[in-house]
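The block underneath contains the structure these notes are about, expressed in structure tokens.
The values are calculated or read from the model by the stated rules, or taken from the named source; none is laboratory data. Because the structure is a prediction, the values reported are computed rather than measured. Glycine gets a Cβ as well: all are built from the backbone with ideal geometry, and neighbour counts include every protein chain shown.
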Amino acid sequence: MKPIIGITSNVEFDLKHSLVNDYIQAVINAGGIPIIIPVGIDSDVSQIVEKIDGLVLSGGGDIDPTLFGEEPHQKLGAISPGRDSLEIALIHRFLEANKPVLAICRGIQILSIATGGDMFQDIYSQSNLELLQHSQNATRYHFSHYVKVESNSLLADIAGQTEFKVNSFHHQAVRNVVKPLVVTARASDGVIEAIESSEHNFVLGLQWHPEPLALNEDHISKAIFQRFVQACNQ
């Protein structure tokens, strides 16, 4: 049987759910059955986790900074408290159950926060690094910049190499991670691009968007979704 993969969606002020079709098609092409998880069902998260085999934390808007002890920065964009609370609850239960999690863009940030880490509300005004362009002015399947990957990581094993190009659509980024998460990839300017769990079978956070790249036949992006779906089927 094919594994059932829950995908979180973007919520505009907790009123309208939306999800780019690329996530759905990437999961289908990798052999999974995608379902979209709505907000407002925090109390039922345990039952949801029992019913589905894996979780994709999708991209979207910004994250409430009070979740990691900060007040809103001037450059903070629109937030969705309902989405934040649902995804944190899902992350906690999925980690407890040791079920696979693939966290993309916004997803890598909420994954870090849920486990006790924090993030830059706006890398361009809060980071001391000399930054690349991380919000590319190009199509979603364009490769914008390189990432360098730790050689002993899950991501390196999936990719079969330790340096490759990715796309980039973000102004926020992970700042500090807490165990069991570890940093496994960075851009050349030092911005964190991937994190993984050192204690779970498959927990992978990516700052870029592999889903449009996978649909454009990028072999590394396709391998990411294939390995994730395989882990969900075990």
| request: Considering only segment 143-194, state which residues are farther than 13 Å from residue 207 by Cβ, among the β-branched types (Val, Ile, Thr) and not in a strand (DSSP E or B). | output: 158, 162, 178
| said: Taking the conditions exactly as written (farther than 25 Å from residue 51 by Cα and assigned to a strand (DSSP E or B)), does residue 217 satisfy them or not? | reply: no
| said: Restricting to segment 96-110, and then to whatever is more than 14 Å from the chain's Cα centre (by Cα) and either outside any loop (DSSP other than H, G, I, E, B) or without any contact (Cβ under 8 Å) to a residue 40 or more places away in the chain (or both), can you tell me which residue is farthest from residue 66 (Cα to Cα)? | reply: 97
| query | Scanning for something surrounded by fewer than 22 Cβ atoms within 10 Å (Cβ to Cβ), out of contact with any Leu (no Cβ under 7 Å at 6 or more places or on another chain) and under 22 Å from residue 172 (Cα atoms), does segment 35-58 turn up at least one residue? | reply | no
| request: Might you let me know whether segment 75-89 holds any residue that is of a type outside the set (S, T, N, Q), farther than 22 Å from residue 14 by Cα and at pLDDT 95 or above? | output: no
| request: Only residues that are out of contact with any strand residue (DSSP E or B) (no Cβ under 7 Å at 6 or more places or on another chain) and of a type in the set (D, E, K, R): list them for segment 136-174, please. | output: 140, 157
| note | Here the residues within segment 70-116 that are surrounded by fewer than 15 Cβ atoms within 10 Å (Cβ to Cβ), aliphatic (A, V, I, L, M) and within 16 Å of residue 172 (Cβ to Cβ) are 78
| said: Go through (1) charged (D, E, K, R); (2) in contact (Cβ under 8 Å) with a residue 40 or more places away in the chain; (3) out of contact with any Phe, Trp or Tyr (no Cβ under 8 Å at 6 or more places or on another chain) for residue 75 and report which single condition fails. | reply: (3)
| Do you know which residues across segment 162-178 are touching a residue at least 40 places away in the same chain (Cβ under 8 Å) and more than 26 Å from residue 125 (Cβ to Cβ)? | 164
| query | Looking only at residues in segment 3-32 that are free of Cβ contacts under 8 Å to residues at least 40 places away in the same chain and loosely packed, with under 15 Cβ neighbours inside 10 Å, which one is farthest from the chain's Cα centre (by Cα)? | reply | 15
| note | In segment 39-95, anything outside any helix (DSSP H, G or I) and of a type in the set (A, V, I, L, M, F, W, C) is listed as 39, 41, 52, 55, 56, 57, 63, 76, 78, 79
| task | Look at segment 126-156 and say how many of its residues are surrounded by fewer than 17 Cβ atoms within 10 Å (Cβ to Cβ), among the β-branched types (Val, Ile, Thr) and closer than 22 Å to residue 197 by Cα. | result | 0
